Amino acid sequence: MFKKYSLILSVLATLFVDASNPTSRFLSEQEGQFIEKLFKGELRKYKKHVPFFGDIQSQEDETFFAYHGTTHYVSAIQDIIKAVVEETTGSDLPKDFVFWRIPDDPDFDYGDSVKGAYLKGRHNPVTDDLREYLADYFIFSPLNLSIDYLPTDEVDDLLLHFYHCYRFPEAIDRLEEKAVIEALAEKIDPALTAFYMNHLSYDSITKAGRSQKKKMELYKDFLLNSPPFPYSFLSYTYLNRFSDQEGNNAKLVVSCSPCLFTKVPTESAMWSFLSNNCIEDGDQQAICDLRTYAKKMGISTHTIDCLMESVMQIVEKSGVKTGVLCQIFDHSSSRFSIANNCSYLSIVCGYPIKRSEEIPVQALVEGTLPFRHHGHDLQIRLILDNATLLNPHSPIRTVKHSQLPEETRDQIHTLIKETIRAAL
């Protein structure tokens, strides 16, 4: 039995590293028996999908840049939106175009610089009262310092630094981190004596003596090694402005992986495909949006609900348990021009990496930036906008891969088209 599984793993590893593409490059960067560790305990589940994944990987050409995993339920909703647009405009849209959301929503209007507008729009300033409360709760009271020592903008810098440093310690460059801490420590120098007396041991203070430099080192060491802050308080801060698990952000972006695998399987597009799952309440939000859109276009919600029920019965009857894997390509005349403008690099939950406005997605896809960055698997967030990603005439193309038999897919396509045509 062991020899049999070892042979499977050997074939699997060879299949995924025999070409120069993002998935192969990711595997080449990993140490040890990555495939074996990734598939440990789930070998039977992965074994039957090896040819399927290998075929998808072979299509990672020079225009490919991202994967997105979703459910058959959400995929059907996307196909219904497309059918409505086709029937109401009397046009046939490209087969490999996906309506990720309802088109022409003003929330998806960003102007020329999509990434810049989106990221800037997330930096909404907190109120003075909340800023002072957070700074006092997290930083100054525990250190027996006074917020009055810093101007407002410097309080903001300090808070932003702490959010990055303690929620995701590896997401900030360590050298820059030390420089920031040193600069901030110098600004609150008047309160250092009280800080040392209350928060450092008597022995450490004695050893530091009168040396201001040694005291500063102790202070920086304390900041660098303090425990994380409670997440309940972080929910009021900088981070939740980007989380694609919360509020309107889930509507505005699409979570993507740059290759088939990640160090953390549950954060990959492949996991969504294998589990036929998506983010919490993602299915429910998608159907609510579709019902609203259909009603606006003169189609009853009853028609939509019955259509969705029929589609899912067909999927269930097929016996396929996996979901849909979307493979996304940018066919711009200037390579990756839309991908660079309409997406940003992030870590889990959509939190942008440092300098995400400046670093193009292209750097990750082409390999100038490693997949593993400061302890995190880098991800991609598509920022949906009406001019490009929701425009069927843009160069962005999305190929949907599923394990439904071709005749089943054709049956679903025909059912959707005929139902929408009859309802309009």
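Quick grid of which residues meet (1) hydrophobic (A, V, I, L, M, F, W, C); (2) out of contact with any helix residue (DSSP H, G or I) (no Cβ under 7 Å at 6 or more places or on another chain); (3) buried (at least 17 other Cβ atoms within 10 Å of the Cβ); (4) not in a loop (DSSP other than H, G, I, E, B):
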| site | (1), (2), (3), (4) |
| --- | --- |
| ILE359 | yes, yes, yes, no |
| LEU364 | yes, yes, yes, yes |
| ILE380 | yes, no, yes, yes |
| ASP385 | no, no, yes, no |
| THR388 | no, no, yes, no |
| ILE416 | yes, no, yes, yes |
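The set of residues from the stretch 336-357 being within 18 Å of THR262 (Cα to Cα) and assigned to a loop (DSSP other than H, G, I, E, B) comprises ILE347, TYR351, ILE353.
Across the stretch 295-334, the number of residues qualifying as of a type in the set (Gly, Ala, Ser) and in contact with a strand residue (DSSP E or B) (Cβ under 8 Å, 6 or more places away or on another chain) comes to 1. Checked against the criteria, ARG25 does not count as out of contact with any helix residue (DSSP H, G or I) (no Cβ under 6 Å at 6 or more places or on another chain), surrounded by fewer than 12 Cβ atoms within 10 Å (Cβ to Cβ) and either at pLDDT below 90 or assigned to a helix (DSSP H, G or I) (or both).
Let me spell it out: the conditions are (1) crowded, with 20+ Cβ neighbours inside 10 Å; (2) in contact with a helix residue (DSSP H, G or I) (Cβ under 6 Å, 6 or more places away or on another chain); (3) closer than 30 Å to LYS317 by Cβ, and THR408 meets all of them except one. Which number is the exception? Failing condition for THR408: (1). If only residues of the stretch 51-75 that are in a helix (DSSP H, G or I) and touching a helix residue (DSSP H, G or I) at 6+ places or on another chain (Cβ under 7 Å) are counted, the one that is surrounded by the most Cβ atoms within 10 Å (Cβ to Cβ) is GLN57. Given the criterion outside any helix (DSSP H, G or I), over 22 Å from the mean Cα position of the chain (by Cα) and surrounded by fewer than 21 Cβ atoms within 10 Å (Cβ to Cβ), identify the matching residue among LYS295, LYS321. Within the list LYS295, LYS321, the selection yields LYS321. Tallying residues that are in a helix (DSSP H, G or I) and over 21 Å from ALA422 (Cα atoms) within the stretch 76-106 yields 1. You will find that of ILE383, ILE338, ILE353, ILE314, the residue that is aliphatic (A, V, I, L, M) and at pLDDT below 95 is ILE353 and no other.
Considering the stretch 234-277, and only residues there that are among the hydrophobic types (A, V, I, L, M, F, W, C) and within 25 Å of ASP109 (Cβ to Cβ), the residue that is modelled with the lowest pLDDT turns out to be PHE242. Checking each residue in the stretch 323-356 for being closer than 18 Å to ASP385 by Cβ and without any contact (Cβ under 8 Å) to a residue 24 or more places away in the chain picks out SER334, SER337.
The values are calculated or read from the model by the stated rules, or taken from the named source; none is laboratory data. All values derive from a computational prediction rather than experimental measurement. Note: ideal-geometry Cβ built from the backbone for every residue, glycine included; neighbour counts use all protein chains shown.
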